[in-house]
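See structure below.
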Amino acid sequence: MRNDKENLIVRLTFELAIEVVKFSEEIRKNNRFEMASQIFRSGTSIGANIREAQNAESKRDFIHKFKISAKEADELEYWLELCKASEFYPNPNEKLLKNLKSVILIISKIISTSKKA
């Protein structure tokens, strides 16, 4: 099922993961290791599951992996909102938030389109 041509969602989730790594390191500098770990795990898992979906064994498996990515994206959004609302954490930058919103929309569209096909 793998196709090695340029894939928008694979690229976007990789770029998102880079932003997540940077932000989690910024949080670690403030000795907030638990939050940094939560953000790192959920934020990098999105792209990892998307990459895994590229080798899905079936359409059902493909959709399942994308659903996992959607859940991880929602979790990341939660942690970032918590950072914004708390005085103890730095605010995530606009690029990170914008990239996450784009990824969430694209993942949702891919899931709904894949279910119809």
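The values are calculated or read from the model by the stated rules, or taken from the named source; none is laboratory data. Keep in mind it's a predicted model, so treat the numbers as computed, not measured. Note that we place each Cβ from the backbone using ideal geometry, even for glycine, and neighbour counts take in every protein chain shown.
Summary of values
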{"item": "Looking only at region 65-83, and only at residues there that are loosely packed, with under 15 Cβ neighbours inside 10 Å and more than 14 Å from the chain's Cα centre (by Cα), the one that is farthest from THR13 (Cα to Cα)", "result": "LEU82"}
{"item": "Sole exception among (1) over 10 Å from the mean Cα position of the chain (by Cα); (2) at pLDDT 95 or above for ASN49, by number", "result": "(1)"}
{"item": "Flag for GLU25 being assigned to a helix (DSSP H, G or I) and either in contact with a Phe, Trp or Tyr (Cβ under 9 Å, 6 or more places away or on another chain) or not hydrophobic (A, V, I, L, M, F, W, C) (or both)", "result": "yes"}
{"item": "Tally, over region 84-117, of residues that are in contact (Cβ under 8 Å) with a residue 60 or more places away in the chain and exposed (fewer than 13 other Cβ atoms within 10 Å of the Cβ)", "result": "0"}
{"item": "Residue check, ASN30 of a type in the set (S, T, N, Q), touching a residue at least 40 places away in the same chain (Cβ under 8 Å) and either out of contact with any helix residue (DSSP H, G or I) (no Cβ under 8 Å at 6 or more places or on another chain) or under 18 Å from LEU76 (Cα atoms) (or both)", "result": "yes"}
{"item": "Tally, over region 28-37, of residues that are surrounded by fewer than 18 Cβ atoms within 10 Å (Cβ to Cβ), of a type outside the set (D, E, K, R) and modelled with pLDDT of 95 or more", "result": "2"}
{"item": "Those residues of region 49-62 which are surrounded by fewer than 18 Cβ atoms within 10 Å (Cβ to Cβ), in a helix (DSSP H, G or I) and touching a residue at least 12 places away in the same chain (Cβ under 8 Å), in sequence order", "result": "ARG51, GLU52, LYS59"}
{"item": "Candidates SER108, SER112, filtered to the one that is in a helix (DSSP H, G or I), small (Gly, Ala, Ser), over 18 Å from ILE39 (Cα atoms) and out of contact with any helix residue (DSSP H, G or I) (no Cβ under 8 Å at 6 or more places or on another chain)", "result": "SER112"}
{"item": "Condition check for GLU19: of a type in the set (Asp, Glu), part of a helix (DSSP H, G or I) and crowded, with 16+ Cβ neighbours inside 10 Å", "result": "yes"}
